[in-house]
Amino acid sequence: MNAITSNSSQSLAGLCILILAFSPQLFATTVVVIRTPQRVIIAADSLAAANDKHFQTCKIGTNKQFPISFAIAGSVQDNGGFSAIDLAETAISTSPDVQSAAHKFELSTTLPFENFVRRRRRDDPAAFKKLLTEPEPLQVAFAAVEKNVPIYVIAYFTVTVRGQAISVAAHENRCPGNGCPSGRGADILGENGAARIQVKNPAFWSGLDPLSAARKLAEIEIAEYPEIVGPPISILTIDATGTHWNDRGECK
């Protein structure tokens, strides 16, 4: 499957959001989000998996009409009507700011994602079992600059299974805010084990500018899990002057 402009963009006044319409699910992803007082940087690998096949695609959504960008990781869509991409597009196109977009996405996604998980259990027990191994099987980063302040919010979802009962809960980390009290933050969505170790190591940041750090963290996950995380890397910078592609990768 190739990267395409999402179908829902036509119903949203012709939006041109560069994002893949995944079907039925995406598990292999690494998205790095770094915030400094001047900018937010998003870096993402391009390897995805669906229907037991691997392919390359864009994982970062931008829009010239609306100032909020997003990047997505996890189980994002199925053939039963669930599309986290469509819900994220709607959130950024109908919200005045990043916090509102994240909150709207959380409210609109919790029940549909819960129904998605139920369908996974019913239709594909192996995929359901794999989904349960992910602590946060759906994660979306929303980012923008508002009143000259770079902001990002990570909306993520957890799944709890008790017997036959399934429940989904929405959570969020904000930067600035609870996700980065110091005002500088780095979040890694999706596959992140090796990169998280480096983020916590002060030596990793020595001599690295934020852009290089974002690329390096994505490269670390590609090297650690080449079968599920892969190049090219797409990098987007959001600052007071707008949204800029440092490296488009698969985001053509």
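Output yes when any residue across the range 172-195 is part of a helix (DSSP H, G or I), more than 20 Å from Ile72 (Cβ to Cβ) and at pLDDT below 95, and no when none is. Yes, there is a match, as at least one residue in the range 172-195 is part of a helix (DSSP H, G or I), more than 20 Å from Ile72 (Cβ to Cβ) and at pLDDT below 95. Residue count for the range 95-107, restricted to those that are part of a helix (DSSP H, G or I), surrounded by fewer than 18 Cβ atoms within 10 Å (Cβ to Cβ) and either touching a Ser or Thr at 6+ places or on another chain (Cβ under 8 Å) or of a type outside the set (Ser, Thr, Tyr) (or both): 2.
Within the range 221-232, being surrounded by fewer than 23 Cβ atoms within 10 Å (Cβ to Cβ) and either among the hydroxyl-bearing types (Ser, Thr, Tyr) or assigned to a loop (DSSP other than H, G, I, E, B) (or both) holds for Tyr225, Pro226, Glu227, Ile228, Gly230, Pro231, Pro232.
Screening the range 113-135 for residues that are modelled with pLDDT of 95 or more and under 21 Å from Leu189 (Cα atoms) and picking the one that is surrounded by the fewest Cβ atoms within 10 Å (Cβ to Cβ) gives Glu114. Restricting the range 50-71 to residues that are under 15 Å from the mean Cα position of the chain (by Cα) and not in a loop (DSSP other than H, G, I, E, B) leaves a set whose member that is surrounded by the fewest Cβ atoms within 10 Å (Cβ to Cβ) is Ser69. All conditions but one from (1) within 22 Å of Ile41 (Cα to Cα); (2) in contact with a strand residue (DSSP E or B) (Cβ under 8 Å, 6 or more places away or on another chain); (3) surrounded by fewer than 18 Cβ atoms within 10 Å (Cβ to Cβ) apply to Trp205; the one that does not is (2).
The values are calculated or read from the model by the stated rules, or taken from the named source; none is laboratory data. All values derive from a computational prediction rather than experimental measurement. All Cβ positions, even for glycine, are placed from backbone atoms using ideal geometry, and neighbour counts span all protein chains on display.
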